[in-house]
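Below is one structure, written out as structure tokens; the observations come after it.
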Amino acid sequence: MTTTGPDAQGVAPDRDQTLAIGELAARTGLTPAVLRMWEQRHGFPRPQRLDSGHRRYAASDVAAIEGVLRRRDAGVRLDVAIAEAARMPDRPTASVYAELRRRHPHLAHQRLRKATLLALSWAIEDECAARAQQAVVFGAFQEPRHFRGARPRWRDLARVARHAVVLGGADEVTTDGRLTLVPLTDDAPLRGEWAVVCDAPGFTAALSAWEVPGQRGVAEPDRVFESAWTVEPGPVRDAARVCADVALAAGAPHAADVRRVLEPEPARAADPTATAALLQRVLGHLDRPV
């Protein structure tokens, strides 16, 4: 269950990063009275109490409450749905791959060569740019040097995107035109991952992968990654939220605006043409040398 009390160093959270009960109610569709009742009966959501007695909630409480409401609407008893939410980690993971495994265990996971991942990444980027539907798009690179070759593509993608953010693309927060580059700390989970996420009104796609250990001496195109990809709006929105939270924690400009764009639940159904379009593009990229 999410709390917003002092951290391990005894530092209280920044009030600018928390929500008053009215703001939480507005974002979740509940009333303040219902939120107070849930807290009294179920201990959820658990706010920080200011000296004035006012409640303050973490932004992540929005997603936790929305998860409870989804489970309730699916027929799960409210007390059971809240108990499930209470067993969740205190905050969403900063790993796209782990979040997809945790929240969407039905997704298929495959071991793919780097050459195949490149083709799938380019296919997602190309389709996202071609549709030009004001996408929120993220890329995750293990190190800035890995991003250098992709920089021209991402500059072009940013021109037609609503927001374009590259995690691990620089050693400090910076902007390159409409592209925002965000550093990753040495211990960040995304340091060991590969991700491309496109969340647009008419097109959603996400790819996440981590490098399988023990590949010393393997040729670069043949390196193998444990991978998952999807065009389902729900998993894509969750992947995008993880990326947005990482950017927000790093102090990236406009990150709070990006996170607000991603707060509503997405459409339930994927575009039936999306998978076919991606696979056609993947084949085109695989047919050329890496």
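Quick rundown of the values:
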item	result
Which numbered condition residue 260 misses (of (1) under 21 Å from residue 167 (Cβ atoms); (2) at pLDDT 90 or above)	(2)
Residues (assigned to a helix (DSSP H, G or I) and in contact with a Lys or Arg (Cβ under 7 Å, 6 or more places away or on another chain)) located in segment 17-32	21
Top-ranked residue in segment 32-66 [being of a type in the set (S, T, N, Q) and under 21 Å from residue 86 (Cβ atoms); ranked as modelled with the lowest pLDDT]	60
Elements of type strands (runs of 3 or more DSSP E) in segment 173-232, at least 2 residues being modelled with pLDDT of 95 or more and buried (at least 19 other Cβ atoms within 10 Å of the Cβ)	179-182, 193-200, 203-211, 224-230
Meets criteria (of a type in the set (Val, Ile, Thr), modelled with pLDDT of 95 or more, under 25 Å from residue 132 (Cβ atoms) and touching a helix residue (DSSP H, G or I) at 6+ places or on another chain (Cβ under 8 Å)) for residue 242	no
Complete set of residues in segment 234-246 that are without any contact (Cβ under 8 Å) to a residue 40 or more places away in the chain and either touching a Cys at 6+ places or on another chain (Cβ under 8 Å) or buried (at least 23 other Cβ atoms within 10 Å of the Cβ) (or both)	236
Every residue from segment 153-162 that is within 13 Å of residue 133 (Cβ to Cβ) and either touching a strand residue (DSSP E or B) at 6+ places or on another chain (Cβ under 9 Å) or at pLDDT 95 or above (or both)	157, 161, 162
Scan of segment 268-290 for residues that are loosely packed, with under 14 Cβ neighbours inside 10 Å and small (Gly, Ala, Ser), ordered by number	269, 276, 284
Checklist (1) within 28 Å of residue 170 (Cβ to Cβ); (2) assigned to a helix (DSSP H, G or I) applied to residue 283, failing item	(1)
Number of the condition not met by residue 199 [criteria: (1) under 21 Å from residue 113 (Cα atoms); (2) in contact (Cβ under 8 Å) with a residue 24 or more places away in the chain; (3) of a type outside the set (Gly, Ala, Ser)]	(1)
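The values are calculated or read from the model by the stated rules, or taken from the named source; none is laboratory data. Note that the coordinates shown come from a computational prediction; the quantities given were computed from them, not determined experimentally. A quick note on method: Cβ atoms are made from the backbone with ideal geometry, for glycine too, and the neighbour counts reach across all protein chains shown.
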